[in-house]
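Q: Mind looking over this structure? Questions follow.
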């Protein structure tokens, strides 16, 4: 199984709090992604990164921000959490084959966030 | 924008029967098509994938077929078992500088013992 980790696995917080969801991978993958998914439902891409100092917004508008200072680390931050942010957040990574070819994405175990 | 349509949304089969899930994609330049299985409370896991230079790929009870002309691809599971029960997602790649995958909306498969 791919080595990609997420912490915390579960988080319950109050409205207005700032939170950071951690994602780390030990495979040396250049590309990393954040998806938002309600249980059993469609995956929505909210952020992605092609490498260090590269971040892009995904297809689903999100009030979160990301950073990529190190290859292995891709944290997601919510400055002020709201109940509408309640969901599961999945991190993924893939290596670069080059030539514009997409590669297998490996997913982390997810963080289930509940905002009260 | 580009999208992937997946059908059916739910599928119930008797153990031992076959299950087929179909996806269509809109970007004719897409060249990579993975299938993920997600069990309840767990992460999506790749079960099989296919690239646009082949029409079919098999791995034991699982097979994927690709029709580039019609822009659709299908997942076939034979001799289904209760442990095959899960949500299955198809995806298609976006070509170019973007290495993104566009996911289908998922199919909830239930295999009845």
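Q: Counting just the residues of the stretch B:28-38 that are in contact with a strand residue (DSSP E or B) (Cβ under 7 Å, 6 or more places away or on another chain) and more than 10 Å from chain A (Cβ to nearest Cβ), which one comes out surrounded by the most Cβ atoms within 10 Å (Cβ to Cβ)?
A: Our first condition is that a residue be in contact with a strand residue (DSSP E or B) (Cβ under 7 Å, 6 or more places away or on another chain); within the stretch B:28-38, this holds for B:30-38.
Filter once more, so that each one left must be more than 10 Å from chain A (Cβ to nearest Cβ): B:35, B:37.
Values: B:35: 24, B:37: 20.
The extreme case among them is B:35.
Q: Filter the stretch A:36-77 down to residues that are without any contact (Cβ under 8 Å) to a residue 12 or more places away in the chain and closer than 21 Å to residue A:109 by Cβ, then give me how many there are.
A: The number of residues fulfilling the criteria is 3.
Q: Every residue in the stretch B:1-38 that is modelled with pLDDT under 95 and part of a loop (DSSP other than H, G, I, E, B), please.
A: Passing the criteria: B:1, B:2, B:3, B:26, B:27, B:28, B:29, B:30, B:31.
Q: Just checking: which of the strands (runs of 3 or more DSSP E) contained wholly in the stretch A:42-98 hold 3 or more residues that are within 14 Å of chain B (Cβ to nearest Cβ)?
A: The qualifying strands (runs of 3 or more DSSP E) are A:44-51, A:54-57, A:87-94.
Q: Then there is this: Using the structure shown, decide if residue B:6 is within 12 Å of chain A (Cβ to nearest Cβ) and over 18 Å from residue A:94 (Cβ atoms). First the steps, then the outcome.
A: Details: within 12 Å of chain A (Cβ to nearest Cβ): yes; over 18 Å from residue A:94 (Cβ atoms): yes.
Judged against the criteria, residue B:6 is a match.
Q: Follow-up. Among residues belonging to the stretch A:17-32 that are under 26 Å from residue A:116 (Cα atoms) and within 11 Å of the chain's Cα centre (by Cα), point out the one that is nearest to the other protein chains (Cβ to nearest Cβ).
A: If we filter the stretch A:17-32 for residues that are under 26 Å from residue A:116 (Cα atoms), which is where we start, we get A:17-23.
Now restrict to residues that are within 11 Å of the chain's Cα centre (by Cα): A:20-23.
On the way: A:20: 20, A:21: 14, A:22: 15, A:23: 12 Å.
Step by step, filter the stretch A:17-32, then rank; the result is A:23.
Q: Right, another one. Against the conditions (1) crowded, with 20+ Cβ neighbours inside 10 Å; (2) more than 8 Å from chain A (Cβ to nearest Cβ), where does residue B:56 fall short? Just the number, please.
A: Every listed condition holds for residue B:56 apart from (1).
Q: Could you list, in sequence order, the residues of the stretch A:5-40 that are out of contact with any helix residue (DSSP H, G or I) (no Cβ under 9 Å at 6 or more places or on another chain), in a loop (DSSP other than H, G, I, E, B) and surrounded by fewer than 15 Cβ atoms within 10 Å (Cβ to Cβ)?
A: Of everything in the stretch A:5-40, those that are out of contact with any helix residue (DSSP H, G or I) (no Cβ under 9 Å at 6 or more places or on another chain), in a loop (DSSP other than H, G, I, E, B) and surrounded by fewer than 15 Cβ atoms within 10 Å (Cβ to Cβ) turn out to be A:8, A:9, A:14, A:16, A:17, A:18, A:26, A:27, A:28, A:38, A:39, A:40.
Q: Looking only at residues that are assigned to a strand (DSSP E or B) and more than 14 Å from every other protein chain (Cβ to nearest Cβ) in the stretch B:75-113, which one is farthest from residue A:36 (Cα to Cα)?
A: Only one residue fits best here, namely B:112.
The values are calculated or read from the model by the stated rules, or taken from the named source; none is laboratory data. All of these numbers come straight from a predicted model, not from anything done at the bench. In this analysis, Cβ positions are derived from the backbone assuming ideal geometry, glycine residues included, and neighbour counts consider all displayed protein chains.
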